[in-house]
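Right, one structure below, let's go through it.
The values are calculated or read from the model by the stated rules, or taken from the named source; none is laboratory data. Worth saying up front: this structure is predicted, and the values here are computed from it rather than measured. Cβ sites come from the backbone with ideal geometry, for glycine too, and all protein chains shown count toward neighbours. We work out accessible area using only protein heavy atoms, side chains counted, and drop any ligands, DNA or RNA first. Shrake-Rupley method; radii C 1.70, N 1.55, O 1.52, S 1.80 Å.
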Amino acid sequence: MSDKLIPVDAQIAAKRGFLRTTAQAYGTALAGGITTVGVTAAVTGEVPLVVTAITLGVALVSPLLAGGASYFSILSRGIPADYEQVVVEGHPVAP
């Protein structure tokens with residue numbers, strides 16, 4: 001019997017979920033939210049710097065929050081079927 005409150009498999013799945021969700025969210029935020037034109041406009045003074053800084057802050061922080069939500073969701077509900085090991089003929093097979 002393990003002394004751990006959260007099983008190791010669930011911890012690993014939660015870490016995978018955090019990394020995957022955070023990476024996907026950063027890909028979306030950086031591809032759609034921050035553009036070269038936007039940065040150039042802020043530097044040249046065409047766009048208020050405060051608005052640009054707030055947009056950048058949201059683009060950098062929100063993916064971490066999404067990853068954290070994924071992490072804690074997996075810890076609280078258990079390992080999603082996509083992350084569970086499959087046992088074939090008595091041998092574990094990675095998903």
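Restricting to region 47-61, name every residue that is open to solvent by 50 Å² or more (accessible area, probe 1.4 Å) and part of a helix (DSSP H, G or I).
Leu49, Val50, Val51, Ala53, Ile54, Thr55, Leu56, Val58, Leu60, Val61
Can you run down the residue pairs with Cβ atoms below 6 Å, 6 or more apart or on separate chains, where the first is in region 12-31 and open to solvent by less than 80 Å² (accessible area, probe 1.4 Å) and the partner is part of a helix (DSSP H, G or I) and of a type in the set (S, T, N, Q)?
Short answer, once both residue conditions are applied: Gly17/Ser70; Phe18/Ser70; Thr21/Ser70.
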